[in-house]
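**Student:** First the structure, which I've put down as structure tokens, then a few questions once you've had a look.
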Amino acid sequence: MMGNTLVATYFRSSVIYALLGMALGLHMAASHDHGQMPTHAHLMLFGWVGMTIYAVFYRLYPDAASGLLPRIHAVLAHAALIGLVVGLFIIYGGDPEGGDPIAAISSIILVLNMVLFAVIVWKGTR
Ligand code: HEM
Ligand code: HEM
């Protein structure tokens, strides 16, 4: 039950990130201004592909979805991705000083959160 909620939330948010990323991709293509490419790339690959991989993992290993750690990881994953994307959007929108702190903090959370996911994966696949 708990695991299913986690899986559904990852799948549902991944398609939202995909739609936002594709809208940005279309905007870049139509305007012939590819300046937001890093923002688009991270929305697509982390937002769509990464979140889908989380969903598939918890579907394959339902026991790994129980407990507090997967919940903490999920909240931080969304917060860090949104922070990274907003930070990149501001940076490549022409305000590097404004976006940098947001992107930097989010990136650090993202890396530490991947350590947490590594722990979840190793525990869950024993
Ligand atoms: C509506 C669909 C999409 C549109 C209109 C679109 C548009 C674009 C555009 C205009 C660029 C910049 C290309 C350049 O300047 O070299 C780009 C780059 C990129 N796109 Fe998309 N894209 C779409 C879907 C996707 C999807 C589905 C993914 C991945 C799952 C993706 C991943 C990337 C990546 C990783 C880059 C950066 C490539 C590099 O580093 O050279 N895009 N996209
Ligand atoms: C701590 C997390 C991350 C940080 C700090 C980070 C940072 C960066 C930076 C600085 C670039 C170069 C952007 C440029 O100037 O062109 C980049 C490019 C890229 N990153 Fe990340 N990234 C992170 C996570 C990820 C993840 C998780 C993925 C995929 C799942 C990813 C996929 C890409 C791709 C495909 C590019 C090339 C696209 C482009 O050049 O715009 N990154 N990243």
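The values are calculated or read from the model by the stated rules, or taken from the named source; none is laboratory data. None of these values were measured; they are calculated from a predicted model. Cβ: placed from backbone, ideal geometry, glycine included. Neighbour counts: every protein chain shown. Side chains included, ligands, DNA and RNA excluded: accessible areas come from the protein's heavy atoms. Shrake-Rupley method; radii C 1.70, N 1.55, O 1.52, S 1.80 Å.
**Student:** What whole-number value in Å² describes the accessible area per residue of the chain for a 1.4 Å probe?
**Tutor:** 59 Å²
**Student:** Calculate for the chain the 222 nm mean residue ellipticity that helices alone would give, adding -39,500 (n - 2.57) per DSSP H run of length 4 or more and normalising by residue count, nearest 500 deg cm²/dmol.
**Tutor:** -27000 deg cm²/dmol
**Student:** Give me the Kirkwood hydrodynamic radius of segment 1-58, using the inverse of the mean 1/r over all pairs of distinct Cα atoms, in Å to one decimal.
**Tutor:** Value: 11.8 Å, from the Cα pair sum.
**Student:** By per-residue mean of other Cβ atoms within 10 Å, what is the highest-first order of 29-38, 94-103?
**Tutor:** The packing order, highest mean first, is 94-103, 29-38.
**Student:** Can you tell me the relative contact order of the chain? Whole percent, Cα pairs under 8 Å, sequence separation 6 or more.
**Tutor:** 27 percent
**Student:** Once neighbouring chains are kept in place and the probe is 1.4 Å, which whole percent of the accessible area of the chain is contributed by carbon and sulfur?
**Tutor:** Taking all protein chains in place, the chain shows 75 percent carbon and sulfur surface.
**Student:** Order these peptides, 114-121, 18-25, by their mean beta-carbon neighbour count within 10 angstrom, highest first.
**Tutor:** The packing order, highest mean first, is 18-25, 114-121.
**Student:** If you line up the Cα atoms of the chain on their principal axes, what length do they span on each, largest first, in Å?
**Tutor:** 48, 27, 19
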